[in-house]
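All remarks here apply to the structure that follows.
The values are calculated or read from the model by the stated rules, or taken from the named source; none is laboratory data. Just so we're clear, the structure is a prediction, and the values are computed from it rather than from any experiment. Here the Cβ positions follow ideal geometry from the backbone for every residue, glycine too, while neighbour counts run over all protein chains shown.
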Amino acid sequence: MRAVITVIGKDTVGILAKVSTFCAEHDVNVVDVSQTILQDMFCMIMLVDTAEMKLEFTDFSDQLKAYGEERNLKIHVMHEDIFNSMHRI
């Protein structure tokens with residue numbers, strides 16, 4: 001199972017590393033990453049594989065959201081099936 005993680009916040013050193021480390025600590029593999037800086041805002045989209053994750057998906061999503069809030073980042077996790085359904089017309 002895969003998921004899409006979005007991260008938005010003021011650009012600071014190590015955002016990619018911190019979010020990737022959080023994922024690795026929960027057995028979530030980063031498959032692909034796209035990131036950019038828009039003026040002083042950091043924007044990232046990650047495609048991750050959650051097949052080996054030990055947590056329930058909602059617990060992982062809630063924990064990553066809280067992790068982001070502690071660091072002044074807006075982090076959202078969406079299951080790939082929901083993402084695909086939203087973008088299918």
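Taking the stretch 54-79 as the range and being surrounded by 13 or more Cβ atoms within 10 Å (Cβ to Cβ) and within 18 Å of Met1 (Cα to Cα) as the test, the residues that pass are Leu55, Phe57, Phe60, Ser61, Asp62, Leu64, His76, Val77, Met78, His79. Hey, among the residues in the stretch 59-88 that are in a helix (DSSP H, G or I) and either touching a Ser or Thr at 6+ places or on another chain (Cβ under 9 Å) or at pLDDT below 95 (or both), which one's nearest to Ala17 (Cα to Cα)? That would be Phe60. Among the residues making up the stretch 44-53, those that are surrounded by 15 or more Cβ atoms within 10 Å (Cβ to Cβ) and in a strand (DSSP E or B) are Met44, Met46, Leu47, Val48, Asp49.
Among the residues of the stretch 18-51, those identified as over 18 Å from Lys74 (Cβ atoms), among the acidic types (Asp, Glu) and in contact with a strand residue (DSSP E or B) (Cβ under 7 Å, 6 or more places away or on another chain) are Asp32, Asp49. The residue that is farthest from the chain's Cα centre (by Cα), counting only those in the stretch 1-14 that are in a strand (DSSP E or B) and closer than 14 Å to Glu80 by Cα, is Arg2.
Flag: Ala17 does not match the condition of being surrounded by fewer than 16 Cβ atoms within 10 Å (Cβ to Cβ) and part of a loop (DSSP other than H, G, I, E, B).
Across the stretch 20-43, the qualifying residues are those that are free of Cβ contacts under 8 Å to residues at least 12 places away in the same chain and of a type in the set (A, V, I, L, M), and the one among them that is surrounded by the fewest Cβ atoms within 10 Å (Cβ to Cβ) is Leu38.
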